[in-house]
Amino acid sequence: MSHIQELTANKLKVKIYNTRVEMGVKAAQDAANGITALLQKQDAVNMIFAAAPSQNEFLAALSVIEGIDWTRINAFHMDEYIGLDENASQLFGRFLRDRIFDKVPFKNIFYINGNTENPSGECNRYGMLLNEYPADIVCMGIGENAHIAFNDPHIANFNDPLPVKIVELSEASRYQQVHDKCFAKIEDVPSAAITLTIPTLMSAELVYCIVPGNTKSRAVYHTLQSQIEEQYPSTILRRHGNATLYLDKDSAVELDILLKPYD
């Protein structure tokens, strides 16, 4: 597998590939190895998945890797819109169902219900599930404004006391959904969502963060080279002891050589 280079930023490993397909395949191979290693020492593995076009190549590759015992893996997703029609194609649960949840035989799949009449109660329910099945692996991306899950800069909290919460989406996050061609115009994008919080995501033993595309290049720059602070939520990855950021040459285009090679 050809790659441009491997770097570190604080504790965060960074792997840069020539294409997003190479990036997705390599991230999937690394995640499969992580799953296998955990299953050798524990009965089950709990995984949290992101739903976004940035994850397409990764999920496609992961879903066909042989030798993973999916019957010992519990699946969660990290966010969901509030109030979208239950049959809407943009629902994150549906996105993941189509790309991986229905493709492999998970032990359990736990969906966030964004159509509930009691979103606060749904946050409590999902938080209790995450307490019962603590995350081992998080597979995620980074937003154009450096958000992780739907923890936008204006509400990101590195010490959030809640495991899951309701958030009002920033305009940048809503416009990203238009840029990703998930919605035709910003008026169609829901204004609120349920999201897992930053401490919930960072509590996992392994984090695989897949971020292709030139629309993410500014966020990648801030993730790796700005101060670690909530203004750029994804900078928290640099404090995780076992996280890897996967980039293609387009998302890495704004990086300079201040980062040090580790290979």
Exercise. Can you spot the aspartates and glutamates whose alpha carbon is less than 16 Å from LYS103's alpha carbon? Ignore those fewer than 8 places along the same chain.
Key: GLU57, GLU66, ASP69
Quiz item: What whole number of Å gives the distance from the Cα centroid of region 1-76 to the Cα centroid of region 163-240?
Solution: 18
Quiz prompt | Added length on full extension, which subtracts the Cα-Cα distance from 0.36 nm per residue, GLU132 to ALA44 | solution = 30.5 nm
Practice problem: Check the straight Cα-Cα distances from LYS216 and name the lysines below 17 Å, setting aside those fewer than 8 residues away within the same chain. | Solution: LYS15, LYS181, LYS249
Quiz item: Taking LYS41 as the anchor, which lysines have their alpha carbon closer than 21 Å to its alpha carbon, excluding any fewer than eight residues away along the same chain?
Solution: LYS107
Quiz item: How do 185-196, 145-156 rank on mean C-beta neighbours within 10 Å, highest first?
Solution: 145-156, 185-196
Self-check item: Structure-derived P(r) over Cα pairs in 5 Å bins from 0, in percent: which label, when the choices are (i) 1, 5, 10, 14, 18, 18, 16, 11, 5, 1, 0; (ii) 1, 6, 12, 14, 16, 14, 11, 9, 7, 5, 3, 2, 0, 0, 0; (iii) 1, 6, 14, 19, 21, 18, 13, 6, 2, 0, 0
Solution: (iii)
Exercise. Report the extension gain between GLU229 and THR36 in nm, rounded to one decimal, defined as 0.36 nm multiplied by the number of residues separating them, less their alpha carbon distance.
Key: 66.2 nm
Quiz item: Using 7 Å Cα-to-Cβ label points, what is the HIS154/ILE65 separation (nm, one decimal)?
Solution: 3.8
Practice problem: Order these peptides, 137-143, 26-32, by their mean beta-carbon neighbour count within 10 angstrom, highest first. | Solution: 137-143, 26-32
Quiz item: Assigning unit charges at the beta carbon (Lys, Arg +1; Asp, Glu -1) and nothing else, what dipole magnitude in debye, to the nearest 20, does the chain show about its Cα centre?
Solution: 560
Exercise. Run the quick spin-label model on ASN115 and THR8: label points 7 Å from Cα toward the beta carbon, then report their separation in nm to one decimal.
Key: 4.8
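Laboratory data are not the source of any read-out in this text; all were calculated from the coordinates shown. This one's a predicted model, so the numbers in the text were calculated from it and none came from an experiment. Here Cβ is always computed from backbone atoms with ideal geometry, including for glycine, and neighbour counts include all displayed protein chains.
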